[in-house]
Each structure stands twice: as C-alpha cells, then as structure tokens.
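The structure appears right after this line, and notes come after that.
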Amino acid sequence: MLGDVLLITKKHKKTAKSVLKYINQMSGEKIVIAISGESGSGKSEIGHEIAHLLKEQGTPAKILHIDNYYKTLPQERNPWRKAHGIESIGFTEYDWDAINCNLAEFKANADNIIMPCIDLLTDQKDQLKTSFKGLRYMVIEGLYAAHAEADLHVFIDLTYHENKKAQLLRGKENVDKWRLQVLEQEHQVVHSLRPKADLLITKDFNVVRAEKN
C-alpha cells in the first residue's frame, strides 16, 4: 500500500535470510510464498526483505499486499465493521475473486495486469498496471495470506499481545477499546490458519519447519 510504514530491523533481515534458504530449495517455474501473521508481527517487513534478497540474487519477486484487496476503503472500514458486528471481521472482508485472479495471472506468466493499490495518504483505491512476465516469485503478505493458494506458507507465531510495541511504533491506528476488540477477532481468525503453515517464525524470529498432523 502506498504510504504504509515499514520498520525493517536486524531481526527481520535475519528471518528473511532463513526463509530464503527454504525458497531456494524449491522447484517450479512459478512459486508463491504466503506470509501470514497478526497486526504488528512483521509480515510486511519480512515480505519486503525476502523480495529484496530475491532481487539481489537476480530473481525479482512481485509483492501482493492482501490489504489492497479489502472490499471497503480504510476510512469506511471501522464504520462498516461496527454496523455489521465484530464477527464480520475475517476472510470475507477481502475480494478473494480479485486475489485469485491475480494469482492465476501470475501463474500464467501474464502481461498487462491490473492490481489494486490503496493510497493511505489520500484513502483512494488506485490501480497498478504491471506485468508478471518472467517473474518466478510472488510474495503474498497479510493477515490472512495463508488463506490463498501458495507453494510455501510462512506463519509468524506472534500474537497481538506480544506485538503492542510494534503497533505503537507504526502508529497506524489508535489502540482504544474498539481496536483491541478488532485485534482479538483478527487473532482468532489468523490463528485458525496456523495449521496451513510450512514454516513457523518463532517469537525469537527463528525459522523452523512446522509439524504437520
């Protein structure tokens, strides 16, 4: 999203390097990496750093920010949520048809693609004209990124309780009673995606393989 705040630190860089080792072991012409996590967990920072490392090794990646696919604009979101109840917060807030369309276009190596792009400075929904031609990697990042079809699912195993400092530093929203209710509902939905993880990022920002049932 245009105007988003990223605070990339040493721990994000270390984690991205660890994830990259797994990515480089994967085969396939088109590879989608999904990074899920709660608010303030570092998914945007890690996603961007992974894309940066892929570019450095000569294999650039396109980043797909799930938050660009909300059905509501940022200034409309809280009024809509309050009108529809806290249970309305979750997967259905996103335009999954548009997300899946862009993923299919990436897999098809398509050109002349339109992706949504939210400008946080103007609260407008813009359109980004781009191309997936010749790109091997796409990095999806967002709360519910694991809900999308991906070749590698990375889950950041941190809760919003442990991310309060990161949330305050980014200053995206006031942390009031309503915001805490939103974070708790997001926590429940995000945590339901944990079983889909191939890799877990621990509280110490180490990367480990997830145990599959």
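The values are calculated or read from the model by the stated rules, or taken from the named source; none is laboratory data. As the structure is a computational prediction, the values presented were derived from the model and not from experiment. Here the Cβ positions follow ideal geometry from the backbone for every residue, glycine too, while neighbour counts run over all protein chains shown.
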| remark: Of the conditions (1) touching a His at 6+ places or on another chain (Cβ under 9 Å); (2) crowded, with 21+ Cβ neighbours inside 10 Å, the single one that T159 does not satisfy is (2)
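Give me a count of the residues in region 25-39 that are under 23 Å from T202 (Cα atoms) and either under 18 Å from the mean Cα position of the chain (by Cα) or modelled with pLDDT under 95 (or both). Don't jump to the end; show me each part of the working.
Looking only at region 25-39, we keep the residues that are under 23 Å from T202 (Cα atoms), and these are 25-26, 32-39.
Then drop every residue that is not either under 18 Å from the mean Cα position of the chain (by Cα) or modelled with pLDDT under 95 (or both), which leaves 32-39.
Here the count works out to 8.
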| task | Return the residue satisfying two criteria in turn: it lies in region 182-198 and is more than 15 Å from the chain's Cα centre (by Cα) and closer than 14 Å to A146 by Cβ, and of such residues it is surrounded by the most Cβ atoms within 10 Å (Cβ to Cβ). | result | D198
| remark: The strands (runs of 3 or more DSSP E) lying entirely within region 49-150 that contain at least 3 residues which are in contact (Cβ under 8 Å) with a residue 12 or more places away in the chain and surrounded by 14 or more Cβ atoms within 10 Å (Cβ to Cβ) are 61-65, 113-119, 137-142
| field | Conditions (1) at pLDDT 95 or above; (2) touching a Cys at 6+ places or on another chain (Cβ under 8 Å): number failed by M1 | value | (1)
| remark: Residues in region 114-140 that are of a type in the set (A, V, I, L, M) and modelled with pLDDT under 95 total 4
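State all residues of region 8-39 that are part of a loop (DSSP other than H, G, I, E, B) and closer than 25 Å to T159 by Cα; if no residue qualifies, say none.
Going through region 8-39, the residues part of a loop (DSSP other than H, G, I, E, B) turn out to be 8-9, 24-30, 37-39.
Result: I8, T9, G37, E38, S39.
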| request: Return only the number of the condition from (1) over 25 Å from S18 (Cα atoms); (2) under 15 Å from the mean Cα position of the chain (by Cα) that K62 does not satisfy. | output: (1)
| Which ones in region 98-108 are more than 16 Å from Q127 (Cβ to Cβ) and either over 15 Å from the mean Cα position of the chain (by Cα) or of a type in the set (K, R) (or both)? | A104, F106, K107, A108
| query | Which of the residues belonging to region 176-213 are in a strand (DSSP E or B) and free of Cβ contacts under 8 Å to residues at least 40 places away in the same chain? | reply | V208, R209
